[in-house]
1. Give me the pairs: first residue in the range 97-124 and charged (D, E, K, R), second residue open to solvent by less than 30 Å² (accessible area, probe 1.4 Å), beta-carbon distance under 6 Å, and six or more apart or on different chains, which are they?
2. Does SER122 satisfy the criteria of being among the hydroxyl-bearing types (Ser, Thr, Tyr), outside any strand (DSSP E or B) and closer than 14 Å to LYS27 by Cβ?
3. What are the residues in the range 91-115 that are more than 14 Å from the chain's Cα centre (by Cα) and either part of a helix (DSSP H, G or I) or over 15 Å from PHE8 (Cβ atoms) (or both), if any?
4. Return yes when LEU15 is within 20 Å of ILE118 (Cβ to Cβ) and in a loop (DSSP other than H, G, I, E, B) and no when it is not.
5. Quick check, is PHE82 at pLDDT 85 or above, under 16 Å from ARG26 (Cα atoms), open to solvent by less than 80 Å² (accessible area, probe 1.4 Å) and not in a helix (DSSP H, G or I)?
6. Name every residue in the range 27-57 that is without any contact (Cβ under 8 Å) to a residue 40 or more places away in the chain and either open to solvent by 40 Å² or more (accessible area, probe 1.4 Å) or under 12 Å from the mean Cα position of the chain (by Cα) (or both), in order of residue number.
7. Check off (1) out of contact with any Ser or Thr (no Cβ under 6 Å at 6 or more places or on another chain); (2) under 14 Å from ASP4 (Cα atoms) for TYR96 and give me the number that stays unchecked.
Amino acid sequence: MGLDQYAFHRRKGDLPDARNEIAYWRKHNRLEGWMSDLYYEKNPDDQDTFNCKELILTKKDLSKLENDITNRHLPETSGFFFGGDSYEDYEGEHGYMQQDLEFIHNARSSLERFGGEIIYTSWW
């Protein structure tokens with residue numbers, strides 16, 4: 001059990017369950033915190049826990065995320081199922097930073113090729 005995070009591309013006109021996975025993270029708590037903050041910024045009236053929610057990411061959101069990733073501005077985030085600080089091994093060939101930047105590249109490519117939307121969701 002723990003924090004599992006996914007990003008999907010959904011084409012325009014597809015059913016809500018028709019998703020193409022473009023990224024998966026395990027216990028990347030700082031990314032979860034960033035996404036949670038963005039979700040509540042977009043949905044200020046939602047008082048429920050940010051768990052199993054769908055967050056639609058725009059091109060502007062992806063650009064801000066990219067900036068925050070490269071400048072190491074993802075917020076420190078803790079939770080019972082979230083594991084240790086995901087900045088411990090953030091850089092390097094197999095670190096979260098590389099995975100995060102690949103996600104942004106793949107998300108932008110999917111939007112350019114197919115339109116539709118990019119969705120982030122997590123489960124813990």
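1. ASP100/ILE69; GLU117/ARG10
2. no
3. GLU91, GLY92, GLU93, HIS94, GLY95, SER109, SER110, LEU111, GLU112, ARG113, PHE114
4. yes
5. The answer is yes for PHE82.
6. Listed by number, the residues that qualify are ASP37, LEU38, TYR39, TYR40, GLU41, LYS42, ASN43, PRO44, ASP45, GLN47, ASP48, THR49.
7. Every condition holds for TYR96 apart from (1).
The values are calculated or read from the model by the stated rules, or taken from the named source; none is laboratory data. Every value quoted in this text rests on a predicted model; they were computed, and no experiment measured them. Note that we place each Cβ from the backbone using ideal geometry, even for glycine, and neighbour counts take in every protein chain shown. Note: accessible area is taken over every heavy atom of the protein model, side chains too, but ligands, DNA and RNA are not part of it. Shrake-Rupley method; radii C 1.70, N 1.55, O 1.52, S 1.80 Å.
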